[in-house]
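Please read the structure below before turning to the comments.
The values are calculated or read from the model by the stated rules, or taken from the named source; none is laboratory data. The structure presented is a predicted model; accordingly, all values stated were derived computationally and were not measured. Heads up, the Cβs are rebuilt from the backbone with ideal geometry, glycines too, and the neighbour counts pull from every protein chain shown. Quick note on the areas: whole protein, heavy atoms, side chains included, nothing else; ligands and nucleic acids left out. Shrake-Rupley method; radii C 1.70, N 1.55, O 1.52, S 1.80 Å.
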Amino acid sequence: MTMKDLARKVALGSGVLQLAARLRSPSVAILMYHSVMEQPQEHEAFLGGIVHSRSVFRGHMELLARKYYLVSLDQILRLVRGETELPRRAVAVTFDDGYTDNYEIATPILQQTGVPATFYATVGCIERRTLPWPSHLRFFFRKANRPRWTDSSGKIWPLSNHEDRENAFLRSCDEYCHLPGSMHESYIAALSAALEVQMPAGSGRLMMNYDQMGTLVQQGHIIGSHTMTHPNMAYLNAEDARREFFESKSLLEKALRAPVVHFSYPCPALTPHWSEQTLDASRQAGYETAVTTDPGLVRKGDDLLKLKRVRPSKTVEGLRWNLESAFAGREV
């Protein structure tokens with residue numbers, strides 16, 4: 001155990017964080033997950049560090065069921081509006097992107113522990129059976145068969161080790177986010193050719209389908225939109241942003257035969273990932289809540305279309321530390 005871990009354990013055991021939390025106004029922590037797998041390393045080339053192992057995720061949910069007050073996004077909507085009292089130590093669970101493992105691995109654990117969740121689907125990826133574009137770019141650079149890559153400005157990026165490849169991947173993500181939607185497919189095709197690597201056949205099976213999402217709704221969970229194509233919404237023109245909001249909502253509602261009123265902003269690269277213009281557009285599309293990746297808690301009177309979230313950590317004690325620190329007023 002490191003000194004940092006020991007200090008956290010002492011702080012958690014002393015009750016000082018819980019005392020500090022009681023001195024603050026009630027709030028909700030919205031946790032942000034993506035993927036849960038038996039062996040996270042098996043798909044690391046696609047998903048990077050956004051995967052939690054089944055065992056750790058189960059530990060997280062068991063901790064939440066024992067120590068915290070669990071709420072859904074529908075409840076948060078009413079809490080923030082002041083339509084009902086806000087409980088202390090309230091926590092909501094959300095998943096971004098819409099991976100099949102959410103249904104196959106995470107949901108049975110949620111059902112066993114009594115934890116409600118919201119799943120935000122990248123609708124274009126569901127429709128086309130393909131991974132979100134950051135997974136394509138990440139895979140290309142992790143598996144590149146070329147020793148270097150030249151970006152759009154002419155800068156040459158070496159690909160000789162993991163750090164080099166990661167830096168080039170991040171640069172490529174920045175480039176992609178600046179492109180108009182009409183150029184997205186051609187950019188991915190050109191990058192695939194330049195690095196001499198292709199996505200494996202069947203990788204799209206990592207995304208959920210509408211039948212699975214319908215089952216989640218029947219089980220009491222919520223499906224929300226995570227856009228059509230997983231862009232950085234703040235960098236889109238008004239027409240493209242409107243399409244991402246409206247079309248994803250329309251397709252989900254048609255498939256699920258139910259209203260879709262919850263939205264999640266992708267944060268694939270660059271900052272910010274939302275703007276005052278996107279808040280207006282999300283309101284016009286009929287969304288009642290929208291979560292961001294900005295860190296922090298949710299309180300009564302917050303803007304429901306830019307709700308903050310808390311990252312969950314990769315250990316059970318790390319999750320507990322993040323939650324207790326957040327409720328005590330420390331940014332995580």
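Accessible area per residue, 1.4 Å probe, Å², for the chain: what's the number?
46
More than 25 angstrom separation, counting every C-alpha pair in region 86-209; what % is that?
Counting every Cα pair in region 86-209, those more than 25 Å apart make up 39 percent.
Pairs of Cα atoms under 8 Å, at least six residues apart: use those to get the relative contact order of region 169-270, whole percent.
Rounded, it is 35 percent for region 169-270.
For region 41-73 and region 159-229, write down the distance between their C-alpha centroids in whole Å.
Between the Cα centre of region 41-73 and that of region 159-229, the gap is 21 Å.
Given the Cα atoms of region 64-132, and with Rh set as the inverse mean 1/r over their pairs in the Kirkwood sense, what is Rg to Rh to two decimals?
Checking Rg against Rh, the ratio lands at 1.06.
Can you pull a Stokes-Einstein diffusion coefficient for region 152-255 at 25 °C (0.890 mPa s), Rh from Kirkwood over Cα pairs, as a whole number of µm²/s?
Roughly 148 µm²/s, to the nearest whole number.
Taking the Cα centre of region 237-319 as origin and charging only Cβ (+1 Lys, Arg; -1 Asp, Glu), how large is the dipole, in debye to the nearest 20?
300
I'd like the carbon and sulfur percentage of the solvent accessible area for region 220-315, probe radius 1.4 Å, heavy atoms only, ligands and nucleic acids excluded.
49
Of the beta bridges DSSP finds with both residues in the chain, what % are antiparallel, to the nearest 5?
15
For region 243-315, what is the convex hull (Cα atoms) projected area averaged across all directions, in square nanometres?
About 6.4 nm², averaged over all directions.
List the relative contact order of region 219-332 as a percent without decimals, with contacts defined as Cα pairs under 8 Å and 6+ residues apart.
Relative contact order for region 219-332 comes out at 21 percent.
Report the extension gain between Ser250 and Ala190 in nm, rounded to one decimal, defined as 0.36 nm multiplied by the number of residues separating them, less their alpha carbon distance.
Between Ser250 and Ala190, full extension yields an extra 18.5 nm.
Over the heavy atoms of Arg320, what accessible area does a 1.4 Å probe trace out, to the nearest 10 Å²?
50
How would Glu44, Glu85, Glu104, Glu324 rank on accessible area, largest to smallest, probe 1.4 Å?
Glu85, Glu104, Glu44, Glu324
At 4 °C and 1.567 mPa s, what whole-number value in µm²/s does Stokes-Einstein give for the translational diffusion of region 141-200, with Rh from the Kirkwood sum over Cα pairs?
110
Please give the calculated 222 nm ellipticity per residue for the chain, where each DSSP H segment of at least 4 residues contributes -39500 (n - 2.57) and the sum is spread over every residue; nearest 500 deg cm²/dmol?
That comes out to -13500 deg cm²/dmol.
Which one, His221, Leu79, Asn102, is farthest towards the positive end of the dipole of the chain when Lys and Arg carry +1 and Asp and Glu -1 on their Cβ?
So the residue furthest toward the plus end is Leu79.
In percent, what relative contact order does the chain have, based on Cα pairs under 8 Å that are 6 or more apart in sequence?
23 percent.
Keeping all protein chains in the complex and leaving out DNA, RNA and ligands, what accessible area do you get for Trp321 with a 1.4 Å probe, in Å² to the nearest 10?
Its accessible surface works out to 30 Å², give or take rounding.
Run through every distinct alpha carbon pair of the chain and return the Kirkwood hydrodynamic radius in angstroms, one decimal place.
Across the chain, the inverse of the average 1/r is 20.8 Å.
By the gyration tensor of its Cα atoms, with a ≥ b ≥ c the square roots of the eigenvalues, what is the shape of region 196-290: rounded for a/c under 1.5, prolate for a/b over b/c, or oblate?
oblate
Ignoring everything but the protein chains, give the 1.4 Å probe accessible area of Cys267 in square angstrom, nearest 10.
Its heavy atoms expose roughly 60 Å² to the probe.
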